[in-house]
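Working notes, beginning with the structure itself.
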Amino acid sequence: MNVLSVIHGTDARTELFGPVIADAGHELDEWSFGWGTPPPRPVDSYDCVLVFGGAMHPDEDDRHSWIADEVAWLHDLVGRGVPMLGVCLGAQLIARALGSWVGRVPSGPEIGWWPVRLTDAGADDPVLGALPREFTALQWHTYTYGLPEGAVELATSDACTQAFRFGATCWAVQFHPEVTEAQVVGWIADPDDPPLDEATVRAETPLRIARWNELGRTLCRTFVDTAVRALTRAA
């Protein structure tokens, strides 16, 4: 399976998911709409797509002219049934592509380690169901989205929707299952997007990251396996 990882900056890349995909025997390319150059393969020839986070917001078309092109492409992927997983900004862009609103979290940013709960549908989901019914997730977002019409909500927090599925091949999560400890440390040190409580995030990260990485690898493996089954059925 040929997997495309769509990124939106150097500090929010494929990270933990890359080795999981390689160990499963699949080919992975990393690319960004913002680069203005074509990917290694034709963009519509990939079997599976991951869409990751970034420092920009999903409605900043005036600052990032490529956002509208990416949203249109994501809409086409959903229509074609290409297996896809969006993370954070990626989830917000998918929601926008499906016609939902995107905007700031009404209660304020979720940055740091926050509790997430699966819904009943999430517990039964072929991808999110691999996670515990309740878990503490690494969050780093000021924006959220409305649940797209026809989508199934899979996870929530006190602040917003945390995951959804649309159709049989599209998943989106607001939390960050792909992060490494080094990545989180880099985000903490970024003066342009600091955590509200830096001391707490610094203290909690070494205590929580190992377990969180276990769950992240589990989520990635489960998504990849589900994507392979979907492609096999469609062949």
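Contact map, the range 184-200: residues that are of a type in the set (Gly, Ala, Ser) paired with residues that are in a loop (DSSP other than H, G, I, E, B), Cβ distance under 9 Å, separation 6+ or inter-chain. Pairs shown: Gly186/Asp11. Within 19 Å of Arg221 (Cα to Cα) and either surrounded by 18 or more Cβ atoms within 10 Å (Cβ to Cβ) or of a type in the set (A, V, I, L, M, F, W, C) (or both): is that true of Leu28 in this structure? Against the criterion (within 19 Å of Arg221 (Cα to Cα) and either surrounded by 18 or more Cβ atoms within 10 Å (Cβ to Cβ) or of a type in the set (A, V, I, L, M, F, W, C) (or both)), Leu28 qualifies.
Considering each of Leu50, Leu4, Leu74 in turn, give the residue that is in contact with a helix residue (DSSP H, G or I) (Cβ under 8 Å, 6 or more places away or on another chain), part of a strand (DSSP E or B) and within 18 Å of Gln174 (Cβ to Cβ).
The unique qualifying residue is Leu50.
One residue is enough: does the range 181-188 have a residue meeting the conditions part of a strand (DSSP E or B) and either at pLDDT 95 or above or surrounded by fewer than 17 Cβ atoms within 10 Å (Cβ to Cβ) (or both)? Within the range 181-188, none of the residues are part of a strand (DSSP E or B) and either at pLDDT 95 or above or surrounded by fewer than 17 Cβ atoms within 10 Å (Cβ to Cβ) (or both).
Applying the condition of being of a type in the set (D, E, K, R) and buried (at least 17 other Cβ atoms within 10 Å of the Cβ) to the range 101-148 and asking which residue is modelled with the highest pLDDT yields Asp125. Taking first residues from the range 77-88 that are under 17 Å from Arg229 (Cα atoms) and partners that are of a type outside the set (D, E, K, R) and part of a loop (DSSP other than H, G, I, E, B), the Cβ contacts under 6 Å between residues at least 6 apart in sequence or on separate chains come to Gly81/Thr169; Pro83/Thr169.
The values are calculated or read from the model by the stated rules, or taken from the named source; none is laboratory data. From a predicted model like this one, the values you see are computed outputs, not experimental measurements. Note that we place each Cβ from the backbone using ideal geometry, even for glycine, and neighbour counts take in every protein chain shown.
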